[in-house]
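Single-structure report; data block below.
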Amino acid sequence: MDLRNLHWTTIAKVAGLGTGLLIVVGAVFVLSGVYNVAASKDHLRITTWILTLIRERSIATRSFKIEVPALDDESKIRLGASHYEGGCVPCHNRPGEEINPIVSGMLPPPPNLLEIGKHRPPEKIFWIVKHGLKYTGMPAWTNVLRDDEVWALTAFLASLPATAGNYGELAGLSRGQGNAREEPANGRALNVCVRCHEGDGMSTNGDRVPRLAGMPEAYLLRSLQEYAQGARPSGVMEPVADLLSEEAMRELAAHYQALPPAAGTADPDPEQLRRGEAIATRGIVGQGVPACLSCHSGRQSQQFPVLAGQNAAYIEEQIRLWRRGGRIGTPYGRIMAAVAGALDEGQVEDVAAYLASLPPGRAPDAPVAEAGR
């Protein structure tokens with residue numbers, strides 16, 4: 001047959017017939033149920049190859065423009081290890097340990113993450129942790145507004161396997177032992193809290209975790225309720241709070257209010273302290289910034305957290321979160337978003353350093369008011 005003499009309509013008919021045949025064969029294949037979707041049997045090699053190619057190209061394309069922050073900060077790695085313990089261990093197990101035989105029956109099975117930093121760059125790890133992967137059992141981060149939490153976990157994963165031997169200490173496993181004499185009735189919940197927050201005679205597990213000891217009970221209870229409702233975003237705290245009953249929340253809030261604050265370790269330079277003190281005690285009229293201690297000294301509403309002695313790194317990250325619009329789901333959050341948006345990065349660091357330098361739970365007795373700077 002001389003293809004050059006075929007009319008275009010004939011070619012179109014042949015192509016249409018072939019396409020229709022493929023559709024029919026495909027429909028029969030799908031509807032017959034002949035393809036085995038059981039996790040006990042692997043995909044066909046070509047199916048696995050196609051799925052892997054699609055997955056890797058998708059990850060590469062979507063992570064290409066992600067800017068990676070500094071990940072070698074010890075406190076960020078420590079926080080990431082705590083996140084890993086709470087969210088990743090059930091499927092991936094602890095670094096260096098074998099994958100749980102139950103979840104290893106998944107298809108594909110959860111990978112051992114001990115050397116993930118050698119195989120994937122940080123931007124790809126971040127994207128996978130934040131967004132998850134369809135049809136693999138890998139969920140998206142509980143709240144995609146919390147890039148700071150995802151970056152902390154990314155920092156920990158990127159540090160492996162070097163930090164694997166110190167995992168228990170980094171993740172706070174030895175901290176969550178509880179105290180049979182002093183813990184509240186809901187001791188199991190407290191043990192989870194103590195892995196990151198204060199315990200009897202212990203400060204927080206790193207300076208990126210908020211200090212809760214001595215905080216107003218009303219504020220702590222409201223925070224737990226907002227986490228449980230999803231009004232306050234956190235891929236870490238939302239799942240924890242969701243499991244708590246109202247009684248357990250009240251018990252934990254009362255426990256932490258009664259817990260004596262531990263001494264801080266802040267050591268900023270004197271000039272930074274001076275600048276931060278001006279913002280905290282007098283505000284910045286020209287920028288519409290009120291004095292921080294006009295609400296957060298502990299002498300006002302019990303709905304406001306006391307910031308004296310709070311970890312500086314935590315204060316900084318929360319202000320940045322408000323600036324990104326990540327904490328505007330509550331009335332108090334919307335108020336703070338306006339204040340945070342008026343501060344530049346240097347001012348954020350200055351006021352955080354000053355507040356962290358104050359004795360825990362105590363603020364200056366002098367009256368505070370807005371003033372120029």
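The values are calculated or read from the model by the stated rules, or taken from the named source; none is laboratory data. The structure presented is a predicted model; accordingly, all values stated were derived computationally and were not measured. Neighbour counts are summed over all protein chains in view; Cβ atoms, including those assigned to glycine, are modelled from backbone coordinates with ideal geometry. The protein model used for the area step is the full one, side chains on, heavy atoms only, and it has no ligands, DNA or RNA in it. Shrake-Rupley method; radii C 1.70, N 1.55, O 1.52, S 1.80 Å.
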Could I have the simple spin-label model distance between W8 and E247, label points 7 Å from Cα toward Cβ, reported in nm to one decimal?
-> 8.0 nm
For the chain, just say rounded, prolate or oblate: build the C-alpha gyration tensor, square-root its eigenvalues into a ≥ b ≥ c, call rounded for a/c under 1.5, and beyond that prolate if a/b exceeds b/c, oblate if not.
-> prolate
Which of the pairs K41/K134; K41/K118; K41/K124 have their Cα atoms more than 27 Å apart in this structure?
-> K41/K118; K41/K124
For S32 and I54 in the same chain, what is the full-extension length gain: residue separation times 0.36 nm, less their Cα-Cα distance, in nm?
-> 5.4 nm
In the chain, taking the dipole from +1 charges on Lys and Arg beta carbons and -1 charges on Asp and Glu beta carbons about the Cα centre, the listed residue (A308, G286, S58) farthest towards the positive end is S58
Evaluate the distance, in nm, between pseudo-label points positioned 7 Å from the Cα of T330 and of V24 along their respective Cα→Cβ axes.
-> 6.4 nm
For E345 and R320, calculate 0.36 nm times their separation in residues minus their Cα-Cα distance, and state this gained length in nm to one decimal.
-> 8.1 nm
The FRET efficiency for K118 and S40, from their Cβ-Cβ distance with R0 = 35 Å and rounded to 0.05, is 0.70
Prolate/oblate/rounded call for the stretch 1-80, Cα gyration tensor, a/c under 1.5 rounded = oblate
Loop-only check: which chymotrypsin sites (Phe, Trp or Tyr not before Pro) in the stretch 78-144 are DSSP coil with at most 13 other Cβ within 10 angstrom?
-> Y135
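Give me the dipole magnitude in Debye, nearest 20, for the stretch 1-153 about the Cα centre, with unit charges on the beta carbon: positive for Lys and Arg, negative for Asp and Glu.
It comes to approximately 720 debye.
Fully extended, how many nm does the chain gain between V103 and A263 (0.36 nm per residue separation, minus their Cα-Cα distance)?
Extra length available between V103 and A263 comes to 53.3 nm.
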With label points set 7 Å from each Cα along the Cα-to-Cβ direction at S301 and K65, the distance between them in nm comes to 3.9 nm
Ignoring ligands and nucleic acids, L22 exposes an accessible area, probe 1.4 Å, in Å² to the nearest 10, of 130 Å²
Inter-part gap, Cα centre of the stretch 103-143 to Cα centre of the stretch 217-281, in whole angstrom, is 30 Å
Counted charge near R327, where neighbours are those whose Cβ lies closer than 12 Å (Asp, Glu -1; Lys, Arg +1) | +3
Taking GluC sites (Glu not before Pro) in a DSSP loop with at most 15 other Cβ atoms within 10 angstrom as exposed, one finds the longest site-free stretch of the chain at 183-369
Kindly identify the stretch 33-74 as rounded, prolate or oblate by the Cα gyration tensor criterion: order the square roots of the eigenvalues as a ≥ b ≥ c, call it rounded if a/c is under 1.5, otherwise compare a/b with b/c, prolate if a/b is larger, else oblate.
-> prolate
